[in-house]
1. Dipole size in debye (nearest 20) for the chain around its Cα centre, Lys and Arg Cβ +1, Asp and Glu Cβ -1?
2. Using a Förster radius of 22 Å, what is the FRET efficiency between Leu9 and Glu75 based on their Cβ-Cβ separation? Nearest 0.05, please.
3. Run through the chain and list the GluC sites (Glu not before Pro) located in a DSSP loop whose Cβ has at most 16 other Cβ atoms within 10 Å.
4. Indicate the gyration tensor shape class of the chain (rounded, prolate or oblate), computed on the Cα atoms with a ≥ b ≥ c the square roots of the eigenvalues: a/c under 1.5 is rounded; otherwise a/b larger than b/c is prolate and the rest oblate.
5. Would you check the chain for Lys pairs whose C-alpha atoms are within less than 26 Å, ignoring same-chain pairs closer than 8 in sequence, and give me the count?
Amino acid sequence: MVRLSSRVLDASDNLPMAFKWIKDEIADCISPEPKKWYLDSKGNMRTLKGRSDDHPDMKWEYGQEKSRIPGVRIEIEHGGA
């Protein structure tokens, strides 16, 4: 994943955190896990997300480029047999 922005983030701390929710969604699409639910503070049922991205076969790489138009470029490669 490559972050496109007018300013650069710290590559070791802030850059991975900027991609956290995107990473969770991508991983859930590629390797859906059984849905788990919880009650939020208002008593609403919510889906528990963010567990699929630790699958041992998934490797994540982050980059960033300066751009006047903010965005994210996502490249997915299949490295399986």
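1. I would put it at about 420 debye.
2. Numbers: r = 19 Å, r/R0 = 0.86.
My answer for the efficiency is 0.70.
3. In loop regions of the chain (DSSP not H, G, I, E or B), the sparsely surrounded GluC sites (Glu not before Pro) are Glu61, Glu75, Glu77.
4. Oblate is the answer for the chain, as a/c is 1.5 or above yet b/c matches or exceeds a/b.
5. The number of close lysine pairs in the chain is 16.
No value in this document is a laboratory result; all are computed from the given coordinates. Quick caveat, the model's predicted, so the values are computed rather than measured. Because the Cβ atoms are built from the backbone with ideal geometry, glycine has one as well, and the counts that use them run over all protein chains shown.
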